[in-house]
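Notes follow once the structure below has been shown.
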Amino acid sequence: MRGIAYARRYGDPVAMFVRRWLFRGLVAMTGSFLLVAGSALAYGLYLSASLALPAGDEHPPRLIYGAPFLLKPDLDVVSSHLIERLTRLGYQAVETAVRAPGEFRVGSGEIDIYLHEFSDFHLRPIPARLVVEQGRVARVLSIQTGDELFPAYLEPQLISGLRGASRQVREWVSYDDLSPRFLDILLAIEDRRFFSHPGIDPIAVGRAVWTNVTKGTVIQGGSTITQQLAKNLFYSPQRTFGRKLKESIAALVLEAKYRKQAILESYANEIYLGQVGSVSIYGVGEAAHRYFGKRVDTLSLEEAALLVGMIKGPNTYSPLRNAALAKQRRDVVLGRLHEQGLIDDEVWAQAVKTPVQVMPPQDTLADAPFFVDYLLRQVEEATGAPLPDGVRAYTSLDPVLQRLATQTLENELTKLETAYPALKKHPTVLQGALVAIDPKTGGILAMVGSRDYRASQFNRAVQAKRQPGSLFKPLVYLAAMEARRELHGGQPVTAATSIVDEPVTFESATGRWTPQNYDHKFHGTVSLRTALEQSLNIPAVKIAQLVGTKRILQLAEKLGIRSPLADNLSIALGTSGVSLLEMTSAFGVLAHEGVSMAPTALQAVITPEGDPAWHHTPARHQAVSPQAVYVMTSLLKGVVERGTAAKAKAMGLRGIVAGKTGTTDGYRDAWFIGYTPDVVVGAWVGFDDEEALHLTGAQAALPMWVEFVRQILPAAPRDFIMPPAVITRDIDPQSSQLATSKCPQRSAELFIEGTEPSVYCEVHGSGIWERVKRSFGFF
């Protein structure tokens, strides 16, 4: 009774407990709601003051161009890839006379080109005629006047663009230039209620939640175009509830702050639509240009549907990567348009039958990511600051050579892996690098730092320091020839100098050293020419000892090698690490008559207003005498004709080329660098972990070099010009003295004037004519 009375007076204690906790929970929930709402409101107020949509002229990209191409007499039409150059720049072939800039016609014995205007280089739109004889340009004429036209250039090609730290180019399109058909397709697929929702679409969110729950996985999203824009502009792509909440608040703020048309314009210009090489494509304007060669307002139904379909997965559905998947996705978009009544049965049936036809304009971006990386570093070194927004940087790159270099490296490495299967079993992938330089200017024409930039941005042409091995021997012999009679004993070192290839041991600070030849044999007395052609080690070390390592190191520095080199005799065998760019540039000195031109990528920087901001001033100096260089070039021509690179001819190499193979101790690195008067090219092959290739430079690097060079050398390349004070003498190979009529063999050899032998052969004796000349004081 007492309990009942207590309950009647005070109530049920359990019920009271429940009511008390319900009240507390309600208060807590109300407080949390108010806290969240307050935080959201505060965040929204913050965003309303800070968020801004980008404008078309805001942060314009920095554009990077290749070099202009000179149309000149003696140009080989085929090896210069002239027609490819025209089509890459957007020139159109016509059957009749050229009447407008951008047209060209190939006729019998002539090529007419109506040149584009290019204000940064003061290039005027002029109709030019190339008179062609036997595959070469004989004259460049003005079609209008018939006069000789010089200079005549093809304008530089766009290589890449930069916006912030991202490789991208974009062409801003205003809302008024977005065709109604494109907008209909975009809204039908991405946001049907765009013009009626406030930034968040509850219906789409509910539908997405229901679909994902019933299917048991996340297969559909509910983001509006405004939410997507907010994510793209202001937030990371990470999927979290917090990010989604912030994105939703930002969408509401954008909708309150801007007109729908401004939001659509920004979305259309900021959306990511795939890659062209290493460059990101943003915006429908740029995508229409890159994939179809059109303005966005001229896209067909199928083309517009393909671009809109790519938004879901820009690289997955890229027509450049997978045309089948791109068509599948495009047809899904077309089906949705049909379901919504935007196209009728006949149009839909015809559209889905249409194959994907991607016709990117021929001014497709050159894929030169390693070159661009190197360029940006060089810009900061040269100007002390990064490239400012909106500038146009003009470089030395030849986009055609870059394409050939990229393709050649990948193809030749794949061939090596096929021919030598053990290379594919290695823990790390086989790598390579290739560099081409114009020796007359130092301009880098092509640069490939690995077989796949996306997998590895480490530039093996510049950043890797590897032992050059036998590739370094020409520098040893060149230093000796430059020394003339300054060496111990007063006898000059020449191409005919005899060296005994025999077992020898040298004392050094680290102990006794006994070098070996690669074939582990000794060849007796050989000439310097033979020693270099056959890449013998012992003669190279002997000459290094004779000339002294200090001279060799000084010469290497004059040739542009800045990597630290060991000051001991092993330098003769290339034991110190150097970069491919350094060695290729050093060989470029030999191609340019001893004149050193520092390698460069950047030529000029132009402001957005068209004013010059910076111009490259070449640093040149006479590093070696033209005479010594000419003799060395003769020796290196022998390497290709008879020596370790002799199989180059069988691989398809034609013309006059000088070069040297390089193989390091343990077969870890394979090199070949060769040159003509117009180009020097270096190739390297190896593993990043420096494990053995078990291949020589002739086996691994030479095929890559030949495959690249044979595509760019003219049918009849010009020879090197002999400078004054170089003479030719017939010598006896056995005695290295002047040959006589009694010598069973004789060979013509080059000498720097004053270093030629003055004594007739003492092994086979003088003939009658030689005795007569000697009696009158002639040798």
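The values are calculated or read from the model by the stated rules, or taken from the named source; none is laboratory data. Note that the structure is predicted; figures quoted are calculated from it, not measured. Backbone-built Cβ (ideal geometry, glycine too); neighbour counts: all protein chains shown. Note: areas computed on protein heavy atoms with side chains; ligands, DNA, RNA excluded. Shrake-Rupley method; radii C 1.70, N 1.55, O 1.52, S 1.80 Å.
At a glance:
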{"read-out": "Region 502-512, residues that are open to solvent by 80 Å² or more (accessible area, probe 1.4 Å) and under 19 Å from residue 470 (Cα atoms)", "value": "503"}
{"read-out": "Residue within region 619-637 that is open to solvent by 40 Å² or more (accessible area, probe 1.4 Å), basic (Lys, Arg) and part of a strand (DSSP E or B) present", "value": "yes"}
{"read-out": "Tally of residues being surrounded by fewer than 19 Cβ atoms within 10 Å (Cβ to Cβ) and under 16 Å from residue 493 (Cβ atoms) across region 730-755", "value": "2"}
{"read-out": "Count - residues of region 514-542 that are in a helix (DSSP H, G or I) and not basic (Lys, Arg)", "value": "10"}
{"read-out": "Looking only at region 54-71, and only at residues there that are modelled with pLDDT under 95 and surrounded by fewer than 18 Cβ atoms within 10 Å (Cβ to Cβ), the one that is farthest from residue 154 (Cα to Cα)", "value": "54"}
{"read-out": "Residue list for region 557-576, restricted to those being under 27 Å from residue 597 (Cβ atoms) and either free of Cβ contacts under 8 Å to residues at least 12 places away in the same chain or among the hydrophobic types (A, V, I, L, M, F, W, C) (or both)", "value": "557, 559, 561, 565, 566, 571, 572"}
{"read-out": "Residue 83 free of Cβ contacts under 8 Å to residues at least 40 places away in the same chain, of a type in the set (Val, Ile, Thr) and crowded, with 18+ Cβ neighbours inside 10 Å", "value": "no"}
{"read-out": "Selected residue (only one of 440, 415, 465 is open to solvent by 20 Å² or more (accessible area, probe 1.4 Å), basic (Lys, Arg), under 15 Å from residue 580 (Cβ atoms) and modelled with pLDDT of 95 or more)", "value": "465"}
{"read-out": "Residue satisfying all of: in region 418-437; open to solvent by 60 Å² or more (accessible area, probe 1.4 Å) and of a type outside the set (Gly, Ala, Ser); nearest to residue 695 (Cα to Cα) among these", "value": "420"}
{"read-out": "Any hit, region 543-564, residues being outside any helix (DSSP H, G or I), modelled with pLDDT of 95 or more and at positive phi", "value": "yes"}
{"read-out": "Number of the condition not met by residue 406 [criteria: (1) open to solvent by less than 10 Å² (accessible area, probe 1.4 Å); (2) under 14 Å from the mean Cα position of the chain (by Cα)]", "value": "(1)"}
{"read-out": "Checklist (1) of a type in the set (Gly, Ala, Ser); (2) over 30 Å from residue 119 (Cα atoms); (3) in contact (Cβ under 8 Å) with a residue 24 or more places away in the chain applied to residue 548, failing item", "value": "(3)"}
{"read-out": "Residue list for region 599-618, filter: more than 21 Å from residue 462 (Cβ to Cβ) and either assigned to a helix (DSSP H, G or I) or open to solvent by 60 Å² or more (accessible area, probe 1.4 Å) (or both)", "value": "608, 609, 611, 612, 613, 614, 615, 617"}
{"read-out": "Some residue of region 513-530 being closer than 29 Å to residue 629 by Cβ, of a type in the set (Phe, Trp, Tyr), open to solvent by 60 Å² or more (accessible area, probe 1.4 Å) and in contact (Cβ under 8 Å) with a residue 24 or more places away in the chain", "value": "yes"}
{"read-out": "Unmet criterion (only one of (1) in contact (Cβ under 8 Å) with a residue 24 or more places away in the chain; (2) surrounded by fewer than 22 Cβ atoms within 10 Å (Cβ to Cβ); (3) over 28 Å from residue 635 (Cα atoms)) for residue 377", "value": "(1)"}
{"read-out": "Single match in 648, 623 (criterion: within 26 Å of the chain's Cα centre (by Cα), at pLDDT 95 or above and at negative phi)", "value": "648"}
{"read-out": "Filter result for residue 103 (more than 30 Å from residue 161 (Cβ to Cβ) and either open to solvent by 30 Å² or more (accessible area, probe 1.4 Å) or free of Cβ contacts under 8 Å to residues at least 12 places away in the same chain (or both))", "value": "no"}
{"read-out": "Every residue from region 689-729 that is touching a strand residue (DSSP E or B) at 6+ places or on another chain (Cβ under 6 Å), surrounded by fewer than 16 Cβ atoms within 10 Å (Cβ to Cβ) and not polar (S, T, N, Q)", "value": "727"}
{"read-out": "Residue in region 107-127 that is modelled with pLDDT under 95, touching a helix residue (DSSP H, G or I) at 6+ places or on another chain (Cβ under 9 Å) and charged (D, E, K, R) present", "value": "no"}
{"read-out": "Looking only at region 322-343, and only at residues there that are without any contact (Cβ under 8 Å) to a residue 40 or more places away in the chain and either charged (D, E, K, R) or closer than 11 Å to residue 182 by Cβ (or both), the one that is surrounded by the fewest Cβ atoms within 10 Å (Cβ to Cβ)", "value": "339"}
{"read-out": "Close pairs from region 644-661: first small (Gly, Ala, Ser), partner open to solvent by 30 Å² or more (accessible area, probe 1.4 Å) and not in a strand (DSSP E or B), Cβ under 6 Å, at least 6 apart", "value": "652/710; 658/637"}
{"read-out": "Members of region 258-297 found to be of a type outside the set (A, V, I, L, M, F, W, C) and part of a strand (DSSP E or B), listed by number", "value": "272, 274, 275, 280, 282"}
{"read-out": "Yes/no for residue 274 being modelled with pLDDT under 90, buried (at least 18 other Cβ atoms within 10 Å of the Cβ) and either farther than 28 Å from residue 233 by Cβ or of a type in the set (Gly, Ala, Ser) (or both)", "value": "yes"}
{"read-out": "Qualifying residue in region 680-692 (condition: in contact with a Leu (Cβ under 8 Å, 6 or more places away or on another chain), touching a residue at least 40 places away in the same chain (Cβ under 8 Å), outside any helix (DSSP H, G or I) and more than 22 Å from residue 445 (Cβ to Cβ))", "value": "yes"}
{"read-out": "Criterion violated by residue 389 - all others in (1) touching a His at 6+ places or on another chain (Cβ under 6 Å); (2) assigned to a helix (DSSP H, G or I); (3) of a type outside the set (S, T, N, Q) satisfied", "value": "(2)"}
{"read-out": "Qualifying positions in region 58-102 - part of a loop (DSSP other than H, G, I, E, B) and hydroxyl-bearing (Ser, Thr, Tyr)", "value": "79, 80, 91, 96"}
{"read-out": "Filtered residues of region 171-191 (kept if of a type in the set (Gly, Ala, Ser) and either open to solvent by 40 Å² or more (accessible area, probe 1.4 Å) or under 36 Å from the mean Cα position of the chain (by Cα) (or both))", "value": "174"}
{"read-out": "Some residue of region 304-319 being open to solvent by less than 20 Å² (accessible area, probe 1.4 Å), of a type in the set (Ser, Thr, Tyr) and closer than 22 Å to residue 269 by Cα", "value": "yes"}
